Amino acid sequence: MPPVFNAHCNGCGICANVCPSDVFSRDNDHQVPRVLYPDECWYCDACVLDCPGEGGHKGIELRIPLQLSLLWIDPAAERRLPYDIIGDHLGTDPDYSWEMPRE
Amino acid sequence: MIQVDKRCIECDVLVAGGGIAGLMAAIGAARQGARVVVAEKAHALRSGSGATGNDHFMSWIPEKHGDDIEPILKELLNSQIGGFHDVPLSRKFLEQSFARVRDWHEWGIDMKPNGDWSFCGHAFPGRPRIWLKYAGSNQKRALTRAAKKHGVRIVNHLPITDAIVHKGRIIGALGLDITQETPRLRVVRAHALVLAGGSAVRLYPSPSPSMLFNTAWCPACTGNTQASAYRAGARLVNMEFPNLHAGIKYMERAGKATFIGVITGPDGKALGPFITKANRWVGDITADVWNSVFGDVMKSGEGPAYMDCTATDQEDIDYMLWGLKEEGNTGLIDTMAREKVDLRRHRLEFMQYQPFLIGRGPEIDLDGQTSVRGLYAAGDAVGNFRADIAGAATFGHIAGEHAARAARTAGAFEPAEESELVAGRARQFGAFLARNEGAHWKEANYMVQQLMRDYANAEVRSATLLGAGLKYLGDLRRRTIETLRCANAHELMRSAEVMELMDCAEMIFIAAQARQETRGTHRRSDFRFTNPLLAEKFLAVWQEGGRPKVSFRPRIADMDAYERYFGARSAQPAPREAFAATAGGA
């Protein structure tokens, strides 16, 4: 669950201090903070924005959970039925149709 | 047991909340020479609904709009946030808004990102544009720095739970120190208190089950201002009207105003009459006007509805992405990039979210003062005026100035720590912490949401539904107090938030029962018509002697009406004299 630390975290604790939702441990022990309350994340990105990281890389990133995935459609999508129909739309099977007697 | 910190904080003006309104109130008070403390639940650098940015700052800039305020005032009152205004407040706000814009620009917030004051978004074609576009991504950092420069002391991780009132006037407040794993109570002695706790979210369910914190406004804003004001005896207005908001499907933390596109149905045709192609100056205002559009087309089966930017010029798309960053939506931008969403090709589904409280709450006068002497309120929680971030900044500053002036004439500090309220809270919170078994705060929060969704929603209300909901809310409150268990400071803070939400819910149930008509989003099945006799009437709710009271009063249109209503309010027996006579006797 969000947020997720990586190897570039320098243990400064800024993320834990500024988080509006107080989701991190705030021990100030120069360790990677623990994410104590992941389900209280607001996805505001403050932790990522304020992360100094190391070597130009952020030490933390936000993982957006599946429930919040973006829902989008492509207008150019084919207008084709999303299934193949066997028989017709009334369930009439041509093999047994009385109208079509067979030799 | 919970320890009460023996060291009281003392200040002239205490500001509860270090968001936009709180920091601006603190600066306004400090400019008057007051000793100011901001008590902030999280950290002022990133707290509140303006945490990572914002897009617009409503303002009247005479060099752009001309010297006549009237067309701008009219536009404000007709806008999506113009419904519940005592007009003298709106006028005062507009008059001072440009000064605050210049303050912000001077403090390093770019209020002219296009090189000049520019107004775009939320606009009707052919009408005055009043929403100043600005680059807000650094606003909290800049305002925190400005507050410190003005000598304001900011105490982070100290949420204020209660105002302390003695003989009808503020003598301090109670805070919850959550800096350590073990919480402590901390009393602040103050001559004036500015409540700046923001909106009340987490009151109705989020669009995704199980995600309490998936909210548009800051989920740590749980009606602290409304609840503290109510407990202190202040009057609150317009609590019965649900405020609805729309945006990206399921991901509630994403604004709508910055999108430069057209709201379309599945066939790609515009759902509103305003535009067929959007640009940075005029977007599609359909959802501002028809704010239930996204829900309506789902219910009718014509949906879903989409934010369609496929016709927008690339230059405006780039501008929009920049705007999303500046309003603090970097999480969304990163997600779009990761999922390879191309706004020139893909249409994003939008939805209407459940209600939350903004622009409903304590009624304030032109000084920002509530009906309780020394108690001020500013920002998203104010009930008789609303201009979102600009309102928070401008009326926050006004409230701070007046709180400081009032504090100047106050005498010695009262011993707020001796208040019965402090002892009562210590007993209650101590019991929560002492229990080994019991209910978790989330259980109570979910139950509040269930009750609000089913008994006080924006679709249908009635005396029977509201009556049942209020009864069940009372049961919930009793069970919560009897069984709640907290393991640490963080959980105790959340528990105090749920108690605030229950106060807000109570006020909503009561006000919604008392407004016996259908008006806007307040839909009564037992009073299906909009009653002309209740037009231009605000319903106030407050408590006196432990019993809720309600009363209609006219919406204030001009200064004569203002004097009649607010003049009478401030002419009540001056509590300050009573206070002086009994100083030390709390």
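The values are calculated or read from the model by the stated rules, or taken from the named source; none is laboratory data. Here the structure is a predicted model, which means the values were calculated and not measured. Here the Cβ is made from the backbone with ideal geometry for all residues, glycine too, and neighbour counts use every protein chain on show. For the accessible areas, the whole protein counts, side chains as well, though only heavy atoms, and no ligand, DNA or RNA atoms are used. Shrake-Rupley method; radii C 1.70, N 1.55, O 1.52, S 1.80 Å.
Quick notes on this structure:
- Once you reduce the stretch B:502-540 and the stretch B:125-146 to the center of their Cα atoms, the two points are 34 Å from each other.
- Sites listed here are trypsin sites (Lys or Arg not before Pro) in the stretch B:6-89 whose DSSP assignment is loop and whose Cβ has at most 15 other Cβ atoms within 10 Å: B:LYS6, B:ARG7.
- Taking chymotrypsin sites (Phe, Trp or Tyr not before Pro) across the stretch A:15-92, the ones in a DSSP loop with at most 16 further Cβ atoms lying within 10 angstrom of their Cβ are A:TYR83.
- Cα Rg over Rh - the stretch B:415-572, Kirkwood: 1.06
- Across peptide B:344-351, the average count of Cβ atoms from other chains found within 10 Å of a residue's Cβ is 3.
- Mean partner shielding of peptide B:206-219, defined as the number of other chain Cβ atoms within 10 Å of each residue Cβ, is 4.
- Sites B:PHE529 and B:GLU70 - FRET efficiency at Förster radius 25 Å, r taken between beta-carbons, to 0.05: 0.15
- Evaluated at q = 0.12, 0.21 Å⁻¹: base-10 log I(q)/I(0), Debye formula over Cα of the stretch B:401-508: -0.57, -1.03
- Volume in Å³ per residue [convex hull over Cα atoms, computed for chain B]: 147
- Remark: mean inter-chain Cβ contacts per residue of B:40-51 equal 5, using a 10 Å Cβ-Cβ cutoff to other protein chain atoms.
- Amide H contacts of B:ARG184: B:ASP177, each under 5 Å away and 5 or more positions distant or on a separate chain (H built 1.01 Å from N in the peptide plane; Pro and chain starts excluded).
- Database remark: amide H of B:TYR376 closer than 5 angstrom to the amide H of B:LEU193, B:VAL194, B:LEU195, B:THR370 (H placed geometrically; neighbours at sequence offset of 5 or more, or on other chains; Pro and chain starts carry no H).
- Applying D = kT/(6 pi eta Rh) to the stretch B:214-354, where Rh is the Kirkwood radius over alpha-carbon pairs, T corresponds to 10 °C and eta to 1.306 mPa s, the Stokes-Einstein value obtained is 96 µm²/s.
- Distance distribution P(r), the protein assembly as shown, all Cα-Cα pairs, bin width 20 angstrom from 0: 18, 53, 24, 4, 1, 0 percent.
- Of the trypsin sites (Lys or Arg not before Pro) in the stretch B:203-284, the ones in a loop by DSSP (not H, G, I, E or B) with at most 13 other beta carbons within 10 Å are B:LYS269.
- Packing here is the average count of other Cβ atoms within 10 Å per residue, and on that basis the peptides B:477-489, B:10-22, B:385-397, B:554-566, highest first, run B:10-22, B:385-397, B:477-489, B:554-566.
- Normalising the average separation of contacting C-alpha pairs (under 8 angstrom, six or more residues apart) by the number of residues puts the relative contact order of the stretch A:3-62 at 44 percent.
- Note on the stretch A:3-62: Cα convex hull, mean projected area over all directions, 3.4 nm².
- Near B:ARG46, no amide H atom lies under 5 Å from its own; only residues 5 or more places off or on other chains count, and H is placed 1.01 Å from N.
- The stretch B:423-549, accessible area per residue, ligands and nucleic acids excluded (1.4 Å, Å²): 42
- Under the Karplus curve 6.51 cos²θ - 1.76 cosθ + 1.60, θ = phi - 60°, whole-Hz ³J(HN,Hα) for the stretch B:44-52, x wherever Gly or Pro sits: 4, 4, 9, 8, x, 6, x, 3, 10
- Helical contribution to [θ] at 222 nm, DSSP H n ≥ 4, -39,500 (n - 2.57), averaged over chain B, rounded to 500: -11000 deg cm²/dmol
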